[in-house]
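The values are calculated or read from the model by the stated rules, or taken from the named source; none is laboratory data. Quick caveat: nothing in here was measured; it's all calculated off a predicted structure. Cβ placement follows ideal geometry from the backbone for every residue including glycine, while neighbour counts extend to all protein chains displayed. To get the accessible areas, we keep the full protein, side chains included, count just its heavy atoms, and leave off ligands, DNA and RNA. Shrake-Rupley method; radii C 1.70, N 1.55, O 1.52, S 1.80 Å.
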Amino acid sequence: LPESRLYQSNDKSPLQIFVRAKKKINDIYGEIEEYVHETTTFINALHAEAEIVDKAERELFESYVHKVAGIREVLQRDHMKVAFFGRTSNGKSSVINAMLREKILPSGIGHTTNCFCQVEGSNGGEAYLMKEGSDEKLNVVNIKQLANALCQEKLCESSLVRIFWPRERCSLLRDDVVFVDSPGVDVSANLDDWIDNHCLNADVFVLVLNAESTMTRAEKQFFHTVSQKLSKPNIFILNNRWDASANEPECQESVKSQHTERCIDFLTKELKVSNEKEAAERVFFVSARETLQARIEEAKGNPPHMGAIAEGFQIRYFEFQDFERKFEECISQSAVKTKFQQHSSRGKSVSGDMKKMLDDIYERITIFRNLKQDQKNLLTERIQGTETQMMQVTREMKMKIHNMVEEVEEKVSKALNE
Ligand code: GDP
């Protein structure tokens, strides 16, 4: 479907592009699966009855059944993935919590996790944890328990803990967005492993900076490595803790423009992942902690500014919402392209191959049918010839007998006369 049509819905979220495309492609693959099953049954019958199809062809068809089933399984699990990076305590967990509108990930000193945490939607209203390499669901009753569970575990820095949170609690989880929080880029020596294990399939990266300081070498280095491995990764930069700037209003604008310039230069000149215009739309000044507080107040039915930390709340709150909107547009378009384009072309090639095979089989059936018809015609001709021949013979015999009888009669009457 063209994007414009995908947008036409009651739900105006740009994430719907992905949600609808996923539904559509799943439906199409459902039809392809049905078609492949039907055709396989037909092919097997042809093999059994007339041996028009050989064993290799039957096996090839069976392989399509498995291929399509495999793609369907992957499709059902496909999601949009966003990964957050930055130094410890810059506010990565707080940004994720603000976007989820709930304090799900533990944040703050003493509650910093030293492994990767992935938050994804769960069905059936259940909240639980799963550690890497285990299928065991560790039930989480409340957030405090989750925080303790994460802190008590002696987890390897590049291991992954998956947090399943009820889909219906948050629209982003409902729409298949998966969040990955990383340990701080300052604590890791294994950036390469991180990227290989957790980042290669991320649709969007968010670099969370502390607006009170400048970007560090570790933060830059990480994205240099990412952009060597991925062609043009989508990177957003959040200058977090911008509420702190309210304390120094006289230099707020100059600090902002200095940060903006550095961030744009980083994206355009250093990483070369965006042009100037795009980069300018990827840099934001926010306060995650304040946004989260505001949203918690909103959930209680209070006005959002009750969560304000400092002067200028409204601007920062709008900026956070602006970030979310641009992020949603970017992630859903990128995920549709990277995930479904591949599946569509595989689906196209499978159905193309099947069509070619069926055309071949059809041709063979036609030849087979014509051959049978020819044989039938030949036989009919032969029967007709034999019939004419027999009629002629019969006629001749009749004549012969008639003549013989006449001859005999003549001879008898002659003998009698004599
Ligand atoms: P992480 O280590 O990058 O995940 O950082 P956290 O989200 O755990 O945040 C570290 C500390 O900074 C916590 O105490 C947060 O409440 C605080 N924090 C996060 N974002 C902000 C912000 O925008 N403004 C202020 N004032 N504090 C923040």
Q) Which of (1) open to solvent by 20 Å² or more (accessible area, probe 1.4 Å); (2) at pLDDT below 85; (3) of a type outside the set (Phe, Trp, Tyr) is the odd one out, the single condition MET130 does not satisfy? A) (2)
Q: Take region 1-38 and flag every residue that is at pLDDT below 85 and assigned to a helix (DSSP H, G or I).
A: GLU3, SER4, ARG5, LEU6, TYR7
Q) For region 293-317, how many residues are within 22 Å of ASN210 (Cα to Cα) and either open to solvent by less than 10 Å² (accessible area, probe 1.4 Å) or in contact with an Asp or Glu (Cβ under 8 Å, 6 or more places away or on another chain) (or both)? A) 10
Q) ALA279 passes all but one of (1) in a helix (DSSP H, G or I); (2) within 12 Å of the ligand (Cβ to nearest atom); (3) of a type in the set (A, V, I, L, M, F, W, C); which number fails? A) (2)
**Q.** Restricting region 200-256 to residues that are in a loop (DSSP other than H, G, I, E, B), over 22 Å from the mean Cα position of the chain (by Cα) and among the polar types (S, T, N, Q), the residue that is surrounded by the most Cβ atoms within 10 Å (Cβ to Cβ)
**A.** THR216
Q | Verdict on GLU290 being within 16 Å of the ligand (Cβ to nearest atom), charged (D, E, K, R), more than 30 Å from the chain's Cα centre (by Cα) and surrounded by 12 or more Cβ atoms within 10 Å (Cβ to Cβ) | A | yes
Q.
I'd like the full set of residues that are under 21 Å from THR40 (Cβ atoms), out of contact with any Phe, Trp or Tyr (no Cβ under 9 Å at 6 or more places or on another chain) and of a type in the set (Ser, Thr, Tyr), limited to region 337-365.
A. SER349, TYR362
**Q.** Of the criteria (1) under 26 Å from THR214 (Cβ atoms); (2) touching a strand residue (DSSP E or B) at 6+ places or on another chain (Cβ under 8 Å); (3) modelled with pLDDT under 95, which one SER334 fails
**A.** (1)
Q) Counting just the residues of region 333-379 that are in contact (Cβ under 8 Å) with a residue 40 or more places away in the chain and more than 30 Å from ILE71 (Cα to Cα), which one comes out least open to solvent (accessible area, probe 1.4 Å)? A) ILE365
Q | Scope region 237-276; condition within 16 Å of the ligand (Cβ to nearest atom), among the polar types (S, T, N, Q) and out of contact with any helix residue (DSSP H, G or I) (no Cβ under 8 Å at 6 or more places or on another chain); matching residues | A | ASN247
Q. Can you name the condition, by its number, that ILE264 falls short on among (1) under 19 Å from TRP194 (Cα atoms); (2) assigned to a helix (DSSP H, G or I); (3) open to solvent by less than 50 Å² (accessible area, probe 1.4 Å)?
A. (1)
Q: Mind listing whichever residues of region 72-106 are within 10 Å of the ligand (Cβ to nearest atom), touching a residue at least 60 places away in the same chain (Cβ under 8 Å) and out of contact with any Asp or Glu (no Cβ under 7 Å at 6 or more places or on another chain)?
A: PHE85, SER89, ASN90, GLY91, SER94, VAL95, ASN97, ALA98, LYS103
Q | Residues that are open to solvent by 40 Å² or more (accessible area, probe 1.4 Å), of a type outside the set (D, E, K, R) and in contact (Cβ under 8 Å) with a residue 12 or more places away in the chain, drawn from region 273-287 | A | ALA280
Q: Residue by residue through region 271-307, note down the ones that are in contact with a strand residue (DSSP E or B) (Cβ under 7 Å, 6 or more places away or on another chain) and either over 18 Å from LEU238 (Cα atoms) or of a type in the set (Phe, Trp, Tyr) (or both).
A: PHE284, PHE285
Q. When region 162-195 is examined, which residues are found to be open to solvent by 80 Å² or more (accessible area, probe 1.4 Å), away from the ligand (no atom under 16 Å from the Cβ) and not in a helix (DSSP H, G or I)?
A. ARG162, ALA189
Q.
Out of GLU51, GLU62, GLU57, I need the residue that is among the charged types (D, E, K, R) and either closer than 30 Å to ASP322 by Cα or surrounded by 15 or more Cβ atoms within 10 Å (Cβ to Cβ) (or both). Which one?
A. GLU57
Q | Lone qualifier among ILE383, ILE361, ILE365 - being under 30 Å from LEU75 (Cβ atoms), assigned to a helix (DSSP H, G or I) and not hydroxyl-bearing (Ser, Thr, Tyr) | A | ILE361
